[in-house]
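Below: one structure, written as structure tokens.
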Amino acid sequence: MSSLGADLWRRALRVMPGGVNSPVRSFRSVDSTPFFVGRGEGPFLCDTDGRRYVDYVLSWGPLILGHAPPPVVEAVRLQLERGTSYGAPTEGEVELAERITRLMPAVEMVRLVNSGTEATMSALRVARAATGRDAVLKFSGCYHGHTDAFLVAAGSGVATLGLPDSPGVTRGAASDTMVVPFNDLDAVADALRERGDAVAAVFVEPVAGNAGLIEPLPGFLSGLRELTWRHGALLVFDEVMTGFRVALGGAQARYGVEPDLTTLGKVIGGGLPVGAYGGRRELMERVAPAGPVYQAGTLSGNPLATAAGNAQLAWLEEHDPYAGLEVVARRVALGIATAIRTVGLAAAGTAVGSMMGVFFRGEAPRSFEQAQDSDVRAFRRFHSAMLDRGVFLAPSPFEAGFVSTVHGGAEVDLTLAAAREAAEHVAREMR
């Protein structure tokens, strides 16, 4: 029988590359086709054919209050009545910038942009201008957007689809990018010893969320701080995913390490398109029109995104839900892993703040190289079985999951019951 979702998929394939506007949405890595969303309600997504799913993707992170939370909806509604975009300064963008700089002391000044990719691209430009150097060091499996310099050994959809370094990236851009394993301080020290005088910045997801979920080992982030100081490179925390997700002040607050520059996105727009980069005042004053580093955007700091972001961050600041969120995330991740292990398959679960990861391997990985040892075939079958039972996990073994403040006991119980059934189903299929 035909369905609205199936019809939409046929139509999408005719007019969009791969039928989607972002690769991981295609469900190719789980050998399936995507459902189409009709609406979001609290912890649930409802598809166009009337099915409801407990949502652990949450728009890939920003919806920490769940779908359509009243404070954000009301803020956006009020702003819509006043207009959608002006191309001129507003009070809302000043308020959002003030809030970010108050909650993240390492960010003394901030520039609002429209996406995480734009934020990391701009932060790299500032780093190169400040240091007079061209090279950048990143970690395998860490995804910093689709700027040329970062599409080398990238995570997220690049890893999900098994793509090589992207066609269209010049050899010159790739040659300026050095890649080492996450959590390997010795490799960083060796790379900087060899080419440290050419490295403008070390970019890192302080908690790697685009390779599943990989927590930094004790001393790793502080070690990066020391090594970058020693070699005159800038340390850039890509907190597009972790910012206001793992703690109110982001990963830099959780782990007590202050970077030179920070990139943000996701949560600071309450679900609307937004990004930001910021850091020490003397670095950010290099950005036009205060300085010579040019970066611009007609919709940067647009009033809808800043209204949503201010409402969401104000709620988080008032309620500080992070301890409770981590309890829920840990219960979900460890509960799913336990269900999988019960049927004789290898599994490990991990959680940091409101982020979580489940891997089909014996231990939680410490690097992307270890994450790639996971049983991808089992993950594909498990993902499909969970979807059939009303639970939406990220359609990739190399993406973190998320919980929100509205994921309660009933939703967690439903999820773990589904995980037990799904695990048994996968075990039968793989015998």
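The values are calculated or read from the model by the stated rules, or taken from the named source; none is laboratory data. Since the model is a prediction, treat every value here as computed from it, not as a measurement. Because the Cβ atoms are built from the backbone with ideal geometry, glycine has one as well, and the counts that use them run over all protein chains shown. For accessibility, only protein heavy atoms count, side chains too; no ligands or nucleic acids. Shrake-Rupley method; radii C 1.70, N 1.55, O 1.52, S 1.80 Å.
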Need one number: % antiparallel among DSSP beta bridges in region 114-263, to the nearest 5.
5 percent
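If you take the beta carbon distance between E91 and A290 as r and set R0 to 30 Å, what does 1/(1 + (r/R0)^6) give as a FRET efficiency, to the nearest 0.05? Write out the running numbers ahead of the final one.
Details: r = 20 Å, r/R0 = 0.68.
Here the calculated transfer efficiency is 0.90.
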Antiparallel versus total DSSP beta bridges in the chain: what percent is that, nearest 5?
60 percent
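Express the carbon and sulfur contribution to the solvent-accessible surface of region 25-158 as a percent, rounded to the nearest whole number, probe 1.4 angstrom.
Details: 2830 of 5550 Å².
Here carbon and sulfur together make up 51 percent of the probe-accessible area.
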FRET efficiency, D31 to E81 (Cβ-Cβ, R0 41 Å, nearest 0.05)
0.35
Using alpha carbons only, how many angstrom separate the centre of region 11-64 from the centre of region 315-332?
25 Å
HN-Hα J couplings of region 132-138 from phi, Karplus 6.51/-1.76/1.60, θ = phi - 60°, integer Hz, Gly and Pro as x?
x, 10, 10, 7, 9, 10, 9
What are the extents of the Cα atoms of region 323-431 along their three principal axes, in Å, largest first?
38, 31, 22
About the Cα centre, charge dipole magnitude for region 229-323 (Lys/Arg +1, Asp/Glu -1 at Cβ), debye
200 debye
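How much length, in nm to one decimal, is gained on full extension between R51 and D197, taken as 0.36 nm per residue of separation minus their Cα-Cα distance? Don't jump to the answer; show the numbers that get you there.
Numbers: separation 146, 0.36 × 146 = 52.56 nm, distance 5.59 nm.
Working it through step by step, the gained length comes to 47.0 nm.
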Bins of 10 Å, beginning at zero and ending with the bin holding the largest distance: percent of Cα pairs per bin for region 1-134, please.
9, 24, 31, 24, 10, 1, 0
Expressed in nm², what is the orientationally averaged projection area of the convex hull enclosing the Cα positions of region 224-294?
5.5 nm²
Which helices pass in the chain if a helix is a full DSSP H run, must span at least 20 angstrom along its long axis by Cα, and must have mean Kyte-Doolittle hydropathy not below -1.0?
116-131, 303-319, 322-342, 409-430
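On average, how much accessible surface per residue is there in the chain, in Å², for a 1.4 Å probe, leaving out ligands, DNA and RNA?
41 Å²
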